[in-house]
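Shown next, in structure tokens, is the structure this report addresses.
The values are calculated or read from the model by the stated rules, or taken from the named source; none is laboratory data. Just so we're clear, the structure is a prediction, and the values are computed from it rather than from any experiment. Note: ideal-geometry Cβ built from the backbone for every residue, glycine included; neighbour counts use all protein chains shown.
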Protein chains: 2
Amino acid sequence: MQRYFIPEHYWNSDKVFITEDNAHHIIRVMRKKIGDEIICNHPNGEAAICTITQLTKAEVHTKITKWLEDNAELPVQVTIAQGLPKGNKLELIFQKGTELGADEFWLFQADRSIAKWEQKKAVQKIKRYEKIIKEASEQCHRNIVPNLKETGTIEELLEDSRHYHLRLFAYEEEARTNAYSSLSDALQTGKPNDKVIVFIGPEGGFSNEEVELLKANKCKPVRLGRRILRTETASMYLLASISYHFEELRCKE
Amino acid sequence: MQRYFIPEHYWNSDKVFITEDNAHHIIRVMRKKIGDEIICNHPNGEAAICTITQLTKAEVHTKITKWLEDNAELPVQVTIAQGLPKGNKLELIFQKGTELGADEFWLFQADRSIAKWEQKKAVQKIKRYEKIIKEASEQCHRNIVPNLKETGTIEELLEDSRHYHLRLFAYEEEARTNAYSSLSDALQTGKPNDKVIVFIGPEGGFSNEEVELLKANKCKPVRLGRRILRTETASMYLLASISYHFEELRCKE
């Protein structure tokens with residue numbers, strides 16, 4: 001059943017009112033009729049099966065039929081702090097990161113970022129990225145839509161994540177040594193509802209200064225397997241491993 | 001240091017001879033000079049640092065300086081058996097799958113595949129895909145270039161993987177139940193050098209007939225976290241989890 005994220009002010013006791021892109025999708029793309037059912041997600045993470053009671057050209061009226069108790073969120077809340085990459089890699093990072101359970105995406109202008117964040121194009125860009133994140137959330141039945149924060153400096157992101165339980169950074173130099181930090185040692189300290197942040201460098205990785213800054217702020221370097229991953233693949237590896245660790249793994253006693 | 005996969009017949013005792021695309025890359029893109037070093041990979045998985053001794057317009061002569069002992073291969077050999085997806089998703093599946101350590105890619109025409117494998121375009125397509133796989137292998141410092149097998153039926157792929165140690169299939173229905181098969185239970189039966197195959201459905205997943213066929217052939221259904229993944233994301237999740245399990249995980253005693 002198709003799922004839609006509906007802003008809070010469109011919920012009214014047992015009714016949900018749907019407009020704009022969501023309504024367009026229901027009426028024109030899915031060609032739903034009165035009596036058909038959809039799933040509506042409330043911004044608080046709750047979701048309900050709703051029956052369509054009225055359709056106009058651009059609006060859909062529904063009645064809540066049944067509240068759902070499903071939960072598709074990762075047991076820990078993962079923020080991906082991504083060094084600004086080249087080209088359209090961010091679209092892939094946001095789409096796949098959302099599917100794989102990220103809670104928030106933060107961006108930073110890294111020392112080796114070739115791309116520059118242009119403030120005058122920012123509003124339009126953020127809008128497009130938020131659309132990608134919302135559609136991916138609907139597709140993979142997330143309970144929430146991950147939050148996207150505009151760019152900052154790595155210092156600002158470190159400050160904003162000061163209260164996080166676990167702070168990691170992907171450091172490919174670790175992949176080349178035997179004395180590497182173990183991602184699993186770090187994850188094994190995690191508990192449900194912990195907030196986790198992972199800093200990922202752009203193409204070319206972190207500068208020495210950034211590595212020192214991350215270490216000075218007690219962020220743990222981790223390697224992501226034995227291969228050198230592209231910047232856009234690092235968040236996928238991390239989120240899949242975190243899902244595997246907390247949702248699928250049962251260590252032998 | 002840039003890495004190149006060189007066919008066997010270009011290796012001659014302590015010399016490696018380089019032509020075509022690889023030579024073009026060394027001469028025109030990297031603008032290497034005599035005395036510069038590159039890494040050459042032999043098809044058997046071994047690799048050596050080679051010093052350039054002679055350059056012509058289209059050929060590079062090198063001398064082996066030092067054999068390397070690095071190994072970037074997953075401890076188990078993973079074959080991704082992918083139901084033919086739509087559009088250009090295969091390019092992403094091959095690039096990311098190579099980065100994440102896949103050993104082979106097999107394709108099959110699934111019941112719900114909307115795309116059809118056109119035999120007259122196959123040669124050209126396979127050539128492009130093999131180029132993507134080779135470049136990704138070089139980028140992420142793999143010891144081998146994953147093999148790509150042309151399409152077959154699911155029955156043929158089941159027959160060809162009869163000798164594999166572990167056969168799994170990604171089954172999204174499992175993600176919706178509490179009585180799901182655990183990927184980690186399956187992986188915990190794996191030993192180094194085991195051959196593992198994972199069948200992944202196209203958009204829309206496997207048909208009921210395919211699920212019955214896979215189960216009848218003792219393939220184990222596994223879920224990939226609690227979210228519904230797109231077809232191109234499933235292999236990324238699986239390979240990252242397999243890397244995490246065999247390369248990064250240390251279960252608490």
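Among the residues in the range B:20-43, are any surrounded by 12 or more Cβ atoms within 10 Å (Cβ to Cβ), touching a residue at least 40 places away in the same chain (Cβ under 8 Å) and small (Gly, Ala, Ser)? No - not one qualifying residue is present in the range B:20-43. Can you pull out the residues in the range A:2-37 that are hydrophobic (A, V, I, L, M, F, W, C) and over 16 Å from A:Lys134 (Cα atoms)? Residues satisfying the conditions are A:Trp11, A:Val16, A:Phe17, A:Ile27, A:Val29, A:Met30, A:Ile34. Selection of the range B:210-230 for residues being surrounded by fewer than 22 Cβ atoms within 10 Å (Cβ to Cβ) and more than 9 Å from chain A (Cβ to nearest Cβ) yields B:Glu210, B:Val211, B:Glu212, B:Leu213, B:Leu214, B:Lys215, B:Ala216, B:Asn217, B:Lys218, B:Lys220, B:Pro221. Of the residues making up the range B:198-208, one or more are outside any helix (DSSP H, G or I) and within 13 Å of another protein chain (Cβ to nearest Cβ).
Conditions tested, residue by residue: (1) farther than 30 Å from A:Ile154 by Cα; (2) in contact (Cβ under 8 Å) with a residue 60 or more places away in the chain.
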{"position": "A:Thr51", "(1), (2)": "yes, no"}
{"position": "A:Gln54", "(1), (2)": "yes, no"}
{"position": "A:Thr62", "(1), (2)": "yes, no"}
{"position": "A:Thr65", "(1), (2)": "yes, no"}
{"position": "A:Glu73", "(1), (2)": "no, yes"}
{"position": "A:Val78", "(1), (2)": "no, yes"}
{"position": "A:Gln82", "(1), (2)": "no, yes"}
{"position": "A:Gly87", "(1), (2)": "no, no"}
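Within the range A:137-171, the set of residues being within 14 Å of chain B (Cβ to nearest Cβ), part of a helix (DSSP H, G or I) and in contact with a Phe, Trp or Tyr (Cβ under 7 Å, 6 or more places away or on another chain) comprises A:Ser137, A:Glu138.
You will find that of B:Lys191, B:Lys121, B:Lys127, B:Lys134, the residue that is within 28 Å of A:Glu91 (Cα to Cα) and surrounded by fewer than 16 Cβ atoms within 10 Å (Cβ to Cβ) is B:Lys127 and no other.
If you check A:Gly87, A:Gly101 for being of a type in the set (Gly, Ala, Ser) and within 19 Å of A:Ala240 (Cβ to Cβ), only one passes: A:Gly101. Would you be able to say whether some residue in the range B:106-126 is without any contact (Cβ under 8 Å) to a residue 60 or more places away in the chain and within 14 Å of chain A (Cβ to nearest Cβ)? No - not one qualifying residue is present in the range B:106-126. Close contacts from the range B:239-253, counting a first residue that is within 9 Å of A:Gly225 (Cβ to Cβ) and among the acidic types (Asp, Glu) and a second that is part of a helix (DSSP H, G or I) and modelled with pLDDT of 95 or more, with Cβ to Cβ under 9 Å and a gap of 6+ residues or different chains, come to B:Glu248/A:Ser241. If only residues of the range B:231-253 that are facing another protein chain (nearest Cβ under 7 Å) and not in a helix (DSSP H, G or I) are counted, the one that is surrounded by the most Cβ atoms within 10 Å (Cβ to Cβ) is B:Leu249. Filtering the range A:135-178 down to residues that are modelled with pLDDT under 95, over 19 Å from the mean Cα position of the chain (by Cα) and among the charged types (D, E, K, R), which residue is nearest to A:Leu239 (Cα to Cα)? The qualifying residue nearest to A:Leu239 (Cα to Cα) is A:Glu172.
One line per residue, one yes/no per condition, for (1) assigned by TED's automatic domain parsing to the domain that holds A:Asp194; (2) out of contact with any His (no Cβ under 9 Å at 6 or more places or on another chain); (3) at pLDDT 95 or above; (4) farther than 28 Å from B:Leu224 by Cβ:
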residue	(1), (2), (3), (4)
A:Asn12	no, yes, no, yes
A:Arg31	no, yes, no, yes
A:Ile39	no, no, no, no
A:Pro43	no, yes, no, no
A:Ala48	no, no, no, no
A:Thr51	no, yes, yes, yes
A:Thr56	no, yes, no, yes
A:Leu84	yes, yes, yes, yes
A:Asn88	yes, yes, no, no
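Scanning the range A:56-76 for residues that are out of contact with any helix residue (DSSP H, G or I) (no Cβ under 6 Å at 6 or more places or on another chain), within 14 Å of chain B (Cβ to nearest Cβ) and not hydrophobic (A, V, I, L, M, F, W, C) turns up A:Glu69, A:Asp70, A:Asn71, A:Glu73.
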